[in-house]
Structures are given as C-alpha cells and as structure tokens.
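This report concerns only the one structure given below.
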Amino acid sequence: MGKQRPAASPFRAARLTGALAPDDEREFGLALDRSLSGMLPALGGLFGLGVLLFSAWDYWISPQQAATTALIRLGLVLIGAIGYRDWDGRIPLAWRCALVYITHAGAMILSAALLPDGLLLALPAITGVMFPLALVEPRLLRLSALALVPSLLFLGLAAAQLPEPAFASSVLAYLVMLGLVAEVARFQGRLVRRNFLAERALRHAARHDSLCGVLARGYLLELASHDITLARRYGHPLAIAMLDIDFFKRVNDTWGHPVGDALLRAVSQACADLLRASDYFGRVGGEEFVCVMPETTVEEALACAERMRTAVGAIRLAIPRGEVRCTISIGVAGLAPGHAGVEDLLADADAALYRAKSNGRDRVELARETLPASERETP
C-alpha cells in the first residue's frame, strides 16, 4: 500500500483562504456568537453612552436643536438597550445586535440630519462606528445586514438635504469607508478563524491521549465526576470498566516499543468502536484504559465488556515477522451509594481488574461491592 499524501490541515486551509470547512464554520459561528453575547452588554452600553455624549456636539453646532436631538438620541438608545440583555435566549443574538446597532447608529444619523450641515460634519463619526463593528462581527454577510438600514437611512437623508456635489462626495466617501470596513472585517475574520482553530487544537491536545487519540486521564475523570453527580441526583445507573492488556510488557520486550504503540492504538480503536455515543473511553495508564458508561446497568456494562474483550481477542496486528495478538482483562463496577466519587468507583473497578488477572486473565470480573451481598464472600 503506497504512502498517502497528507491532507492539508484546517489551520493551513484557513490561513490560505480565510474560510473553514462547513462543519468547522458552524462551530466557529457558535463560538463567536457565545463571545458576542457575552460582550454585547458592555459594548452596547459603551456605544449608547457615546451616542448620548455626542449631544454636547449637537449643542455646539446648534443650541436651538440640541434639546430635540438629545431626546432622539435618548429615545433610540433606550429602545436599543433592550438588546443588551440576552433574555434567556428568547431573542436571537442576531436580532439583538441588529436592534442595538440600528437604533444607536440611527440616533446619530437622525440627530445629524436636524443640524446645519450635520450630515457632512457627522460623516466621520457615522462611518467610524462601523470599524469597531467589523472587529467584533467579522462575518461579512452579518456585517452587511447590520449596516444596511443605517446606510440606507444616511443615503436617503443625504439625498434629500444635500446639494448634488455635496451628496456625490458624501456618497463616495461613505462607499470608500464601507470598502475599508469590509476589508477590516475580512482580515479580522481570517485572524479569529485561525485563533479558533489553534485554540481548538490546543484544547483537543490537552483532552486527548497523544498516542491513542482517546480521552486523556484528566479529562475522562472530569467528565466522569460530572456524570456521577448527575446519576446520583436523578437516581440513574452508571458503570465503568477498567481494562488492561495482558502481558503487554512481553510485547514491548519481544517486538519493540513501536509494535507496542501500534497495539495500544489497535486496542483503543477496537474498544471505542463498540461504544454508544453517550459512552466515553480513555487511557489512564501505560496499558490501562477506562470506559465510562452513563445510563448503564451493571448487566449492560458486563455485556459491553465482553464485547470489548472479544473484539480485542480478534485483533491480528501484522508485523514483518508475523502477527501480534493480545487479550485484555476487565474489571467492571457500578455506581453504588458507598462511592464517594469517581476515585472510589475506579478503585472498585481496579480491584475487579486485579481479580480478573489473578483468575487467569482474558476475562471480565465484577466488583464485589456491586455484587449481591450473598455473593461477596472472599474466595
């Protein structure tokens, strides 16, 4: 079998094109929305405060109109402030952002239209507020949708109030600024997408075993602690299985560590392939693995453990000098009232695993604490 050319990494693809694969783009969009939702109260509040403070500029331009423009600014900012809150998700984030930006930018434009030459004088501020928007919302379609209504409002009022030469120059300046804003958004979009991929890669590396690709010990125990808490709260079953490859040291000593590493990966894959979406599997030691099975009775966990034992026994790892086979021993423990936490549950599964080793290996044993009281006698 010839060597396959490595596929381009998502990080490299994003760097070259500024776009992600569809699934990655959806995940990126959700992450960006969560970030925006958290920033919106602070950013919206600062935007609203800035709009209100510009009332002083109105007074400097035309004291006679200052009271009217102040009321317009205050009224629209108060309406837009509805979008600062998340309302427990009842208002979509896109609508909240639109409400804030349209009302706040609209307040600036309408106030400027009431002042002598106000639209011309306020043009730098009206276009300037789009640049921070491009930094926090770099998705061009959403950015364009947010800027559409204020842009139409400005162009309509400018066409009605300004002489033709001034209107033409203001439209040209506005369009140039829109182009610059779009370029800022495009550059920012590339940057945040690259950061998103880098953060996700780091998070994956921290949570997964670098050799086998299954969950790392720390992350597996974190998930297990959470699921144990839920199982206790709602009275649901939960079981874990601890697996150990029999005579694994012989594999390393006889065939070398590269073969041992390949065998670890093969065992991980064989076991993980048998699990449900709600189960998870991780490496907790050299050749030790743990499978956590929420919503699973002891009987179901034993059946799953037997399937894993059979699947591993069927592994035939081809090497230049033949093939390598292996077996596993498994200890199963179910969550019981006496378990204070995940460590106690693991200790019981480990004791069952030790018993499986002592009883001949290549077998599944159930923790004594999980057995009926009549079956717990020590042999």
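From the list Gly218, Gly235, which one is over 21 Å from Gly285 (Cα atoms) and not hydrophobic (A, V, I, L, M, F, W, C)?
Answer to the selection: Gly235.
Just one of the listed residues (Val290, Val312) is under 27 Å from Thr229 (Cα atoms) and of a type in the set (A, V, I, L, M, F, W, C), namely Val290. Listed by first and then second residue, the pairs with beta-carbon distance under 9 Å, at least 6 apart or on different chains, first residue in the range 263-274 and at positive phi, second of a type outside the set (A, V, I, L, M), form an empty list. Scanning the range 84-102 for residues that are of a type outside the set (Phe, Trp, Tyr), farther than 16 Å from Leu157 by Cβ and in contact (Cβ under 8 Å) with a residue 24 or more places away in the chain yields Arg85, Asp86, Leu93, Ala94, Arg96, Cys97, Ala98, Val100.
Restricting attention to the range 90-114, which residues are closer than 17 Å to Arg139 by Cα, crowded, with 19+ Cβ neighbours inside 10 Å and either not hydroxyl-bearing (Ser, Thr, Tyr) or not assigned by TED's automatic domain parsing to the domain that holds Ala147 (or both)? Even if it seems obvious, please write down each step before you answer.
Pass one, the range 90-114, residues closer than 17 Å to Arg139 by Cα: 92-98, 101.
Of the ones still in play, those that are also crowded, with 19+ Cβ neighbours inside 10 Å are 96-97, 101.
Of everything in the range 90-114, those that are closer than 17 Å to Arg139 by Cα, crowded, with 19+ Cβ neighbours inside 10 Å and either not hydroxyl-bearing (Ser, Thr, Tyr) or not assigned by TED's automatic domain parsing to the domain that holds Ala147 (or both) turn out to be Arg96, Cys97.
Can you find a residue in the range 135-145 that is in the same structural domain as Ile102 (by TED's automatic domain parsing), in a helix (DSSP H, G or I), without any contact (Cβ under 8 Å) to a residue 40 or more places away in the chain and buried (at least 19 other Cβ atoms within 10 Å of the Cβ)? Scanning the range 135-145, I find no residue that is in the same structural domain as Ile102 (by TED's automatic domain parsing), in a helix (DSSP H, G or I), without any contact (Cβ under 8 Å) to a residue 40 or more places away in the chain and buried (at least 19 other Cβ atoms within 10 Å of the Cβ), so the answer is no. Filtered by the rule that a residue be within 16 Å of Val100 (Cβ to Cβ) and in contact with a Gly (Cβ under 9 Å, 6 or more places away or on another chain), the range 144-174 gives Val149, Pro150, Leu153.
Looking at Ser151, Ser170, which one is surrounded by 14 or more Cβ atoms within 10 Å (Cβ to Cβ), touching a residue at least 24 places away in the same chain (Cβ under 8 Å) and farther than 23 Å from Ala94 by Cα?
Values: Ser151 fails: farther than 23 Å from Ala94 by Cα.
Testing whether each residue is surrounded by 14 or more Cβ atoms within 10 Å (Cβ to Cβ), touching a residue at least 24 places away in the same chain (Cβ under 8 Å) and farther than 23 Å from Ala94 by Cα leaves just Ser170.
Would you confirm whether or not the range 259-268 contains a residue that is modelled with pLDDT under 95 and either in a loop (DSSP other than H, G, I, E, B) or buried (at least 23 other Cβ atoms within 10 Å of the Cβ) (or both)? Checked against the condition, which is being modelled with pLDDT under 95 and either in a loop (DSSP other than H, G, I, E, B) or buried (at least 23 other Cβ atoms within 10 Å of the Cβ) (or both), the range 259-268 yields no hits at all.
Do we have Gly338 as out of contact with any Ser or Thr (no Cβ under 9 Å at 6 or more places or on another chain), farther than 15 Å from Phe247 by Cβ and outside any helix (DSSP H, G or I) here? Here the answer is yes, as Gly338 does meet what is asked.
The values are calculated or read from the model by the stated rules, or taken from the named source; none is laboratory data. The model shown is predicted, which means the values in this text are computed figures rather than measured ones. Backbone-built Cβ (ideal geometry, glycine too); neighbour counts: all protein chains shown.
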